[in-house]
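S.K.: Could you have a look at this structure, given as structure tokens, before my questions?
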Amino acid sequence: SRPCLKKDFVQADATHLPFKPQSFDTVVLGDILEHVENPVKVLNQAGIVSRRRIVLTVPKDERLPEGQHIKKARELDKDRICPTINFFSESWLRSLVILMRWMNYRVILWQFVPAQAWMNWLIVLERM
């Protein structure tokens, strides 16, 4: 039998995706935003290339008080191969998602899901 997946893969900068607008029905950002310098730009690019929805998973981290995201995260995770540079509080994450409204996206799911030893936010945005 033939494999159902195409074997062409594209490696690209998440802040400058090489795809036409609305190229994909769904864009999945699974544990990505905490590892990038500019999560707003990455989410914006996902909104551009998505035709219908964006699925996000972001670790919920209780180690940091509100407002101490990037600086403290870098100190705690600096020795990892792909360090976490953003820890998002619920209010910061909600602010980030609210920015997607100008691209006509709305939240259709917001919940916690277990992920190994921690909890992840699972957020699904849908184009209105």
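S.K.: Return the residue satisfying two criteria in turn: it lies in region 29-41 and is in contact with a helix residue (DSSP H, G or I) (Cβ under 9 Å, 6 or more places away or on another chain) and either modelled with pLDDT of 95 or more or under 18 Å from LEU109 (Cβ atoms) (or both), and of such residues it is least open to solvent (accessible area, probe 1.4 Å).
M.R.: Looking at residues that are in contact with a helix residue (DSSP H, G or I) (Cβ under 9 Å, 6 or more places away or on another chain) and either modelled with pLDDT of 95 or more or under 18 Å from LEU109 (Cβ atoms) (or both), I get LEU33.
S.K.: For region 11-28, name all the residues that are open to solvent by 30 Å² or more (accessible area, probe 1.4 Å) and in contact with a Lys or Arg (Cβ under 7 Å, 6 or more places away or on another chain).
M.R.: Of everything in region 11-28, those that are open to solvent by 30 Å² or more (accessible area, probe 1.4 Å) and in contact with a Lys or Arg (Cβ under 7 Å, 6 or more places away or on another chain) turn out to be GLN22, PHE24, ASP25, THR26.
S.K.: On the given criteria, is LYS7 more than 21 Å from PHE88 (Cα to Cα), at pLDDT 95 or above and loosely packed, with under 10 Cβ neighbours inside 10 Å?
M.R.: Spelling it out, it is not the case that LYS7 is more than 21 Å from PHE88 (Cα to Cα), at pLDDT 95 or above and loosely packed, with under 10 Cβ neighbours inside 10 Å.
S.K.: When you go through (1) open to solvent by less than 30 Å² (accessible area, probe 1.4 Å); (2) assigned to a helix (DSSP H, G or I); (3) modelled with pLDDT of 90 or more one by one for LEU93, which number turns out not to apply?
M.R.: In the conditions (1) open to solvent by less than 30 Å² (accessible area, probe 1.4 Å); (2) assigned to a helix (DSSP H, G or I); (3) modelled with pLDDT of 90 or more, LEU93 misses (3) alone.
S.K.: Look at region 56-87 and say how many of its residues are in contact with a Leu (Cβ under 7 Å, 6 or more places away or on another chain) and at pLDDT 60 or above.
M.R.: 5
S.K.: Turning to a different aspect of this structure: Under the condition of being under 11 Å from THR15 (Cα atoms) and within 8 Å of the chain's Cα centre (by Cα), which residue from region 42-55 is surrounded by the fewest Cβ atoms within 10 Å (Cβ to Cβ)?
M.R.: Among those that are under 11 Å from THR15 (Cα atoms) and within 8 Å of the chain's Cα centre (by Cα), it is VAL42.
The values are calculated or read from the model by the stated rules, or taken from the named source; none is laboratory data. Only a predicted model underlies this, so the values are computations on that prediction, with no experimental measurement involved. Positions of Cβ are backbone-derived with ideal geometry, glycine not excepted, and every protein chain shown enters the neighbour counts. For accessibility, only protein heavy atoms count, side chains too; no ligands or nucleic acids. Shrake-Rupley method; radii C 1.70, N 1.55, O 1.52, S 1.80 Å.
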